């Protein structure tokens, strides 16, 4: 099956590298500037054994040639609307779109254009960052991906899509309740990002500080209340697991949004803004999440961050 990966950032680049290593037919869709860099330097992935340079097939929009079996959209949430225009020529009657995008809002955008049957629900858990020179810095190897049809059903197309993406270092699980799975990931991202970006420290030092655990649990309560109002309450074990992550005094980790803030890179504030918009629609007050959005907006304005990152 032919796979088009939209974006060669930390997520799309790392997943694409694993698919190429497994012999999959992979093409990257990127902006012209990124296309020049990839042609000159290849896709660079830094891991435990050093930097690996991978020669890849990459095109800009005008180089797309017919539909692909699978289109993996791996861009920031604020770039999805422009990507929809870019991938129209890549989507055919049997194409399945796999959005590896933080948040929930992108589903309504994609389904409005391509139909619910072509768009799968998806989550991906990986720990990697994109360095300023375009190198993908893999902090922890491996990807866990969850896929499912938005109607909760099952089909050969779903199985074929999962099989095309399930390779070494990429584990794919099918979920009939994929929207709930996406809300679980959404809660994880927003709770960890709001906490660490608001305080400006990784999770461990926050948990060690007086009042740090109470702050973490207050943020989790805000996030969980929005998920519940949207009809996808966090299961008891999911909430307990997230609580343990947020209150771990030994943790040295922070989510990608915090790593970007710490490294003085643009931060994907639209993910938190997506949660805040759901909260407003549900008449739920989220003052701590809102405060973290202010912190990130101040940071992004200070460094002159563009509205959306390139793919």
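Does the range 14-23 hold any residues that are in a helix (DSSP H, G or I) and over 11 Å from residue 72 (Cβ atoms), and which are they?
If the condition is that a residue be in a helix (DSSP H, G or I) and over 11 Å from residue 72 (Cβ atoms), then 14, 17, 18, 20, 21 are the ones that fit.
Limited to the range 187-218, what total is found for residues that are touching a helix residue (DSSP H, G or I) at 6+ places or on another chain (Cβ under 9 Å) and surrounded by fewer than 24 Cβ atoms within 10 Å (Cβ to Cβ)?
Final tally of qualifying residues: 16.
Looking only at the range 12-24, decide whether some residue is in the same structural domain as residue 161 (by TED's automatic domain parsing), farther than 22 Å from residue 85 by Cβ and without any contact (Cβ under 8 Å) to a residue 24 or more places away in the chain.
Within the range 12-24, one or more residues are in the same structural domain as residue 161 (by TED's automatic domain parsing), farther than 22 Å from residue 85 by Cβ and without any contact (Cβ under 8 Å) to a residue 24 or more places away in the chain.
Scan (1) surrounded by fewer than 22 Cβ atoms within 10 Å (Cβ to Cβ); (2) at pLDDT 95 or above; (3) in contact with a strand residue (DSSP E or B) (Cβ under 8 Å, 6 or more places away or on another chain) for the single condition residue 263 breaks and write down its number.
The single condition residue 263 does not satisfy is (2).
Would you mind stating whether residue 110 is buried (at least 21 other Cβ atoms within 10 Å of the Cβ) and at pLDDT 95 or above?
Taking the combined requirement at face value, the residue satisfies it.
Kindly list the number of the only condition in (1) farther than 24 Å from residue 5 by Cα; (2) outside any loop (DSSP other than H, G, I, E, B) that fails for residue 173.
Checking residue 173 against (1) farther than 24 Å from residue 5 by Cα; (2) outside any loop (DSSP other than H, G, I, E, B), the one that fails is (1).
Restricting to the range 94-116, give me the number of residues that are under 23 Å from residue 2 (Cα atoms) and either free of Cβ contacts under 8 Å to residues at least 12 places away in the same chain or assigned to a strand (DSSP E or B) (or both).
Residues that pass the stated criteria total 5.
Based on what the data block shows, is residue 231 at pLDDT 95 or above, over 28 Å from residue 109 (Cα atoms) and in the same structural domain as residue 282 (by TED's automatic domain parsing)?
no
So, in the range 37-52, how many residues would count as being exposed (fewer than 15 other Cβ atoms within 10 Å of the Cβ) and modelled with pLDDT of 95 or more?
Counting residues in the range 37-52 that are exposed (fewer than 15 other Cβ atoms within 10 Å of the Cβ) and modelled with pLDDT of 95 or more gives 0.
Restricting to the range 250-260, name every residue that is surrounded by 22 or more Cβ atoms within 10 Å (Cβ to Cβ) and either more than 14 Å from residue 10 (Cα to Cα) or over 17 Å from the mean Cα position of the chain (by Cα) (or both).
Listed by number, the residues that qualify are 254, 258.
Which one of these does residue 115 not meet: (1) over 20 Å from residue 173 (Cα atoms); (2) surrounded by fewer than 23 Cβ atoms within 10 Å (Cβ to Cβ); (3) within 12 Å of the chain's Cα centre (by Cα)?
The one condition residue 115 does not meet is (3).
Got at least one residue in the range 117-134 being in a loop (DSSP other than H, G, I, E, B), at pLDDT below 95, under 22 Å from residue 269 (Cβ atoms) and in contact with a strand residue (DSSP E or B) (Cβ under 9 Å, 6 or more places away or on another chain)?
Yes, some residue in the range 117-134 is in a loop (DSSP other than H, G, I, E, B), at pLDDT below 95, under 22 Å from residue 269 (Cβ atoms) and in contact with a strand residue (DSSP E or B) (Cβ under 9 Å, 6 or more places away or on another chain).
Of everything in the range 137-170 that's in a loop (DSSP other than H, G, I, E, B) and touching a residue at least 60 places away in the same chain (Cβ under 8 Å), which residue is surrounded by the fewest Cβ atoms within 10 Å (Cβ to Cβ)?
168
The values are calculated or read from the model by the stated rules, or taken from the named source; none is laboratory data. Note that the structure is a prediction, hence the values are computed from the model and not measured. Positions of Cβ are generated from backbone atoms using ideal geometry, with glycine treated the same way; all protein chains shown enter the neighbour counts.
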